[in-house]
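Undergrad: Could you have a look at this structure, given as structure tokens, before my questions?
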Amino acid sequence: MKTWVTDRISNVKPAEFFSLVDKNRAYITPTFPNTTSQCNSLVNTTAFLIRAANNEQRGENYYFYLRDVSSNRLIGYICVKNIILNIMKAELAYFIDADYQNKGIITQAVSQVVTYCFDALGFNKLYICTHPENIGSQRVAVKNGFTKEGILKEEFKNANGGLEDVVYFGLLRSEYNNQSI
């Protein structure tokens with residue numbers, strides 16, 4: 001039996017998203033500096049979610065939230081962002097509550113979002129950028145059929161304002177379709 005479900009932004013309350021971010025702030029700040037800085041209080045988290053809902057309505061980003069079935073607590077977050085419509089390409093970014101890591105949940109959830117992006121939204125390419133030392137996130141990408149395409153030098157601005165390299169993983173719709181057969 002599945003212990004989690006995917007939810008959408010319309011059902012997420014600011015207090016529960018703030019709680020998820022705040023509980024995991026120390027470990028997600030390096031890879032989600034904008035989210036953590038913009039969700040540093042309940043008031044700011046409310047504004048963050050309002051902006052996110054507006055972005056989703058305009059098709060600029062899409063948001064998926066993971067819930068523990070037994071407690072109904074938010075346990076994870078996946079964002080489809082940096083959408084380039086003229087080539088139908090988008091980035092996936094995700095995190096899961098530290099208490100739920102290494103259980104395969106985020107791998108399965110990313111799989112669902114990948115399917116949604118290709119089948120419902122019609123994207124041609126999805127990509128994931130990870131910190132070179134974030135082996136867990138790299139495993140999620142590989143398990144979902146993404147291929148390491150290379151390292152992008154000084155591509156990501158961290159929470160301290162420094163630039164860091166990222167490992168870039170890509171997945172084309174044609175590759176996804178061939179996996180599904």
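Undergrad: Pairs LYS23/LYS89; LYS81/LYS103; LYS13/LYS125; LYS89/LYS143: which are spaced more than 23 Å apart, C-alpha to C-alpha?
TA: LYS23/LYS89; LYS81/LYS103; LYS13/LYS125
Undergrad: Would you mind calculating the relative contact order of the chain from Cα pairs under 8 angstrom and at least 6 residues apart, reporting the percent as a whole number?
TA: Once normalised by length, the contact order is 17 percent.
Undergrad: How many times 2.2 N^0.38 Å is the alpha carbon radius of gyration of the stretch 16-121?
TA: Here the Cα radius of gyration is 1.07 times the empirical estimate.
Undergrad: Now for a separate question. Mind listing the Cα extents of the stretch 27-82 along all three principal axes, in Å, largest one first?
TA: The Cα atoms of the stretch 27-82 stretch 33, 22, 22 Å along their principal axes.
Undergrad: Next question. Can you give the net charge of the other residues whose Cβ lies under 14 Å from the Cβ of LYS153, counting K and R as +1 and D and E as -1?
TA: With Lys, Arg at +1 and Asp, Glu at -1, the net is -4.
Undergrad: Over 31 Å, how big is the tail of the calculated P(r) for the chain, in percent of all Cα pairs?
TA: On the way: 1731 of 16290 pairs.
The calculated P(r) of the chain puts 11 percent of pairs beyond 31 Å.
Undergrad: In whole Å, what is the distance between the alpha-carbon centres of the stretch 136-174 and the stretch 28-50?
TA: Comparing the Cα centres of the stretch 136-174 and the stretch 28-50, I get a distance of 22 Å.
Undergrad: A further question follows. Taking all protein chains together and a probe of 1.4 Å, list ARG8, ARG58 from the most accessible to the least accessible.
TA: So, going from the largest accessible area down, we get ARG58, ARG8.
Undergrad: Here's another thing I want to ask about it. Shape call for the stretch 102-159 from the C-alpha gyration tensor, a ≥ b ≥ c root eigenvalues: rounded (a/c under 1.5), prolate (a/b greater than b/c) or oblate?
TA: oblate
The values are calculated or read from the model by the stated rules, or taken from the named source; none is laboratory data. No experiment lies behind these values; they were computed from the predicted model shown. Reconstructed Cβ throughout: ideal geometry from the backbone, glycine too, with neighbour counts over all protein chains shown. Areas reflect the complete protein model, heavy atoms only, side chains present, ligands, DNA and RNA absent. Shrake-Rupley method; radii C 1.70, N 1.55, O 1.52, S 1.80 Å.
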